[in-house]
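Q: Submitted below is the structure of interest, expressed as structure tokens.
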Amino acid sequence: MNQKHTRQLLGSLLFGALVLGACGSDDDTSSSDTGVTDITSTPDTTDPSATTATTQAGSDSADASGTITVYTGRHYGIEPVFEQFTADTGIEVRFTTGNDPELRERLIAEGANTPADVVMTADAANIELAADAGILASVDSDILTGTIPEELRSEDNDWFSLSQRARVIISSTERVENPPTTYAGVGDPEWQGKLCLRPSTHPYTQSLVASLIIADGEARATEIVQSWVDNDPLYINSDTDIYNAVAEGECDIAIANTYYLGRLLTENPDFPVEIVWPEQDGRGAHINVSTAAVTANAPNPEGALALIEWLATDGQQQFADANFEYPADPNVEPNEIVVGFGEFTADLPAVRQLGANQPTAVEVLSATGYE
Ligand SMILES: [Fe+2]
């Protein structure tokens, strides 16, 4: 049922050399200065035949093997990263952005005709669901297995985390003296009417609840989520807006991803919201991940693997820093603003299990009346 596709792929070093040799002389005639094209707003890209035509029109003299198409649910700062990849390898990138479930459905619908070589997500559960749908390829890469910790890639090596995203408790520095230090503590009646949460439809919420189920079981997870709902939260479908709501006094505490604070502190070093690392006496803060995978029907699987290997190595720092995330490779230092968030215990063992627990998480959210 869970159809996996295994391909033996060339090492990226060899492939990179071939591509550079093949299309290095074509650089001047490419229609794109950077070799990177955002095709998100191109209306006909869902039609594979039209996409092929677009590719030919967009880079008519480039070797076809020197272009890859990426569907990415992770948007922030991605274009300069792709530009650097193209500069380093000569492989051109066409990319489409969208949300993780939409891009997965699109890949399933396109089947063997998909133009996508790589899919990238902003959530672990969504990439695991893509794996379960048979639309990802297992890859055999010593670079990836040597760089990405085992906890941050799938058992079948059909997806790889490229960065970690911690979802934590955030709190007003002006109005809160003793913020909760566990996810259960967010449901304390003390926070009645003072809590902001992301809606139940969002993957971040679903994966957070999946992590509660993994840690404590469905019954206890249901109690915890029910206690949040009983605090009459203000639901806001943007983590940036959640941070601003805490800063402006619409709520005192919330649950949000840390990297948004990195962005906000860049604009205002005195932004009046702080991170509280949850579950530091137990499993650690809930960790979600940005991931990448070669698609099962990739027209250019060698180019796809070359991108993912580059993002895990030469491009690892730039990829993580572009969005103030924690690098997947523990040997790569986070951005200095991120280092300033402090040391913490991370719940890494749950990452691989988030997908399997996502359906139950959706049930728990529905049963508790979480909006
Ligand atoms: Fe985000």
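The values are calculated or read from the model by the stated rules, or taken from the named source; none is laboratory data. Since this is a predicted model, take the numbers as computed values, not measurements. Reconstructed Cβ throughout: ideal geometry from the backbone, glycine too, with neighbour counts over all protein chains shown. The protein model used for the area step is the full one, side chains on, heavy atoms only, and it has no ligands, DNA or RNA in it. Shrake-Rupley method; radii C 1.70, N 1.55, O 1.52, S 1.80 Å.
Q: Checking the condition touching a residue at least 40 places away in the same chain (Cβ under 8 Å) and farther than 30 Å from V229 by Cα, which residue from W310, W277 passes? Outline the logic, then answer.
A: Working: W277 fails: farther than 30 Å from V229 by Cα.
Selected residue: W310, the only one of W310, W277 that is touching a residue at least 40 places away in the same chain (Cβ under 8 Å) and farther than 30 Å from V229 by Cα.
Q: Here's something else I'd like to know. Give the residue, chosen from E250, E279, E274, that is assigned to a loop (DSSP other than H, G, I, E, B), over 21 Å from the mean Cα position of the chain (by Cα), surrounded by fewer than 22 Cβ atoms within 10 Å (Cβ to Cβ) and more than 16 Å from the ligand (Cβ to nearest atom). Write out each step before concluding.
A: Working: E279 fails: surrounded by fewer than 22 Cβ atoms within 10 Å (Cβ to Cβ); E274 fails: assigned to a loop (DSSP other than H, G, I, E, B).
Selected residue: E250, the only one of E250, E279, E274 that is assigned to a loop (DSSP other than H, G, I, E, B), over 21 Å from the mean Cα position of the chain (by Cα), surrounded by fewer than 22 Cβ atoms within 10 Å (Cβ to Cβ) and more than 16 Å from the ligand (Cβ to nearest atom).
Q: Could you tell me whether the stretch 66-79 includes any residue that is touching a Pro at 6+ places or on another chain (Cβ under 9 Å) and within 16 Å of the ligand (Cβ to nearest atom)?
A: Yes, there is a match, as at least one residue in the stretch 66-79 is touching a Pro at 6+ places or on another chain (Cβ under 9 Å) and within 16 Å of the ligand (Cβ to nearest atom).
Q: If I filter the stretch 254-267 for residues that are under 18 Å from S200 (Cα atoms), within 16 Å of the ligand (Cβ to nearest atom) and without any contact (Cβ under 8 Å) to a residue 40 or more places away in the chain, do I get at least one hit?
A: Restricting attention to the stretch 254-267, the residues satisfying the condition of being under 18 Å from S200 (Cα atoms) are 254-257.
Filter again for within 16 Å of the ligand (Cβ to nearest atom), leaving 254-257.
Those left that are additionally without any contact (Cβ under 8 Å) to a residue 40 or more places away in the chain: none.
Within the stretch 254-267, none of the residues are under 18 Å from S200 (Cα atoms), within 16 Å of the ligand (Cβ to nearest atom) and without any contact (Cβ under 8 Å) to a residue 40 or more places away in the chain.
Q: When the residues of the stretch 159-178 are filtered to those that are among the hydrophobic types (A, V, I, L, M, F, W, C) and more than 15 Å from the ligand (Cβ to nearest atom), which remaining residue is nearest to A346 (Cα to Cα)? Break it down stepwise before answering.
A: Within the stretch 159-178, the first condition is being among the hydrophobic types (A, V, I, L, M, F, W, C), and the residues that meet it are 159-160, 162, 166, 168-170, 176.
Imposing the further condition that a residue be more than 15 Å from the ligand (Cβ to nearest atom) reduces the set to 159-160, 169, 176.
Numbers: W159: 20, F160: 18, I169: 14, V176: 24 Å.
Among those that are among the hydrophobic types (A, V, I, L, M, F, W, C) and more than 15 Å from the ligand (Cβ to nearest atom), it is I169.
Q: Looking at this structure, is T182 among the hydroxyl-bearing types (S, T, Y), touching a strand residue (DSSP E or B) at 6+ places or on another chain (Cβ under 6 Å) and open to solvent by 20 Å² or more (accessible area, probe 1.4 Å)?
A: no
Q: Report, by residue number, each residue of the stretch 185-207 that is surrounded by fewer than 20 Cβ atoms within 10 Å (Cβ to Cβ) and closer than 12 Å to V229 by Cα.
A: D188, P189, Q192, G193, P199
Q: Further, regarding this structure: Among the residues in the stretch 169-182, are any free of Cβ contacts under 8 Å to residues at least 12 places away in the same chain and over 30 Å from L144 (Cβ atoms)?
A: Taking the stretch 169-182 and keeping what is free of Cβ contacts under 8 Å to residues at least 12 places away in the same chain, we get 177-178.
Still in the running and over 30 Å from L144 (Cβ atoms): 177-178.
For the stretch 169-182, residues free of Cβ contacts under 8 Å to residues at least 12 places away in the same chain and over 30 Å from L144 (Cβ atoms): present.
Q: With A215, A285, A210, A292 as the choices, which residue is out of contact with any helix residue (DSSP H, G or I) (no Cβ under 6 Å at 6 or more places or on another chain), more than 13 Å from the ligand (Cβ to nearest atom), closer than 29 Å to A130 by Cα and open to solvent by less than 10 Å² (accessible area, probe 1.4 Å)?
A: Working: A215 fails: open to solvent by less than 10 Å² (accessible area, probe 1.4 Å); A210 fails: out of contact with any helix residue (DSSP H, G or I) (no Cβ under 6 Å at 6 or more places or on another chain); A292 fails: out of contact with any helix residue (DSSP H, G or I) (no Cβ under 6 Å at 6 or more places or on another chain).
None of the others qualify; the one that does is A285.
Listed here are the residues, each with its yes/no results for (1) surrounded by fewer than 20 Cβ atoms within 10 Å (Cβ to Cβ); (2) at positive phi; (3) assigned to a helix (DSSP H, G or I).
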{"position": "N331", "(1), (2), (3)": "yes, no, no"}
{"position": "I337", "(1), (2), (3)": "yes, no, yes"}
{"position": "F344", "(1), (2), (3)": "yes, no, no"}
{"position": "P349", "(1), (2), (3)": "yes, no, no"}
{"position": "R352", "(1), (2), (3)": "no, no, yes"}
{"position": "P359", "(1), (2), (3)": "yes, no, yes"}
{"position": "V364", "(1), (2), (3)": "no, no, yes"}
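Q: Starting from residues that are open to solvent by 10 Å² or more (accessible area, probe 1.4 Å) and among the polar types (S, T, N, Q), keep the ones in the stretch 85-125 and report whichever is farthest from A361 (Cα to Cα).
A: Restricting to residues being open to solvent by 10 Å² or more (accessible area, probe 1.4 Å) and among the polar types (S, T, N, Q), the top hit is T89.
Q: If you go through the stretch 224-238 one residue at a time, how many are touching a helix residue (DSSP H, G or I) at 6+ places or on another chain (Cβ under 8 Å), part of a helix (DSSP H, G or I) and surrounded by fewer than 24 Cβ atoms within 10 Å (Cβ to Cβ)? Working first, answer last.
A: Here is the first cut: in the stretch 224-238, the residues touching a helix residue (DSSP H, G or I) at 6+ places or on another chain (Cβ under 8 Å) are 224-228, 230-231, 234, 236.
Narrowing the set further to residues that are part of a helix (DSSP H, G or I) leaves 224-228, 230.
From what is left, the residues that are surrounded by fewer than 24 Cβ atoms within 10 Å (Cβ to Cβ) are 224, 226-228, 230.
Here the count works out to 5.
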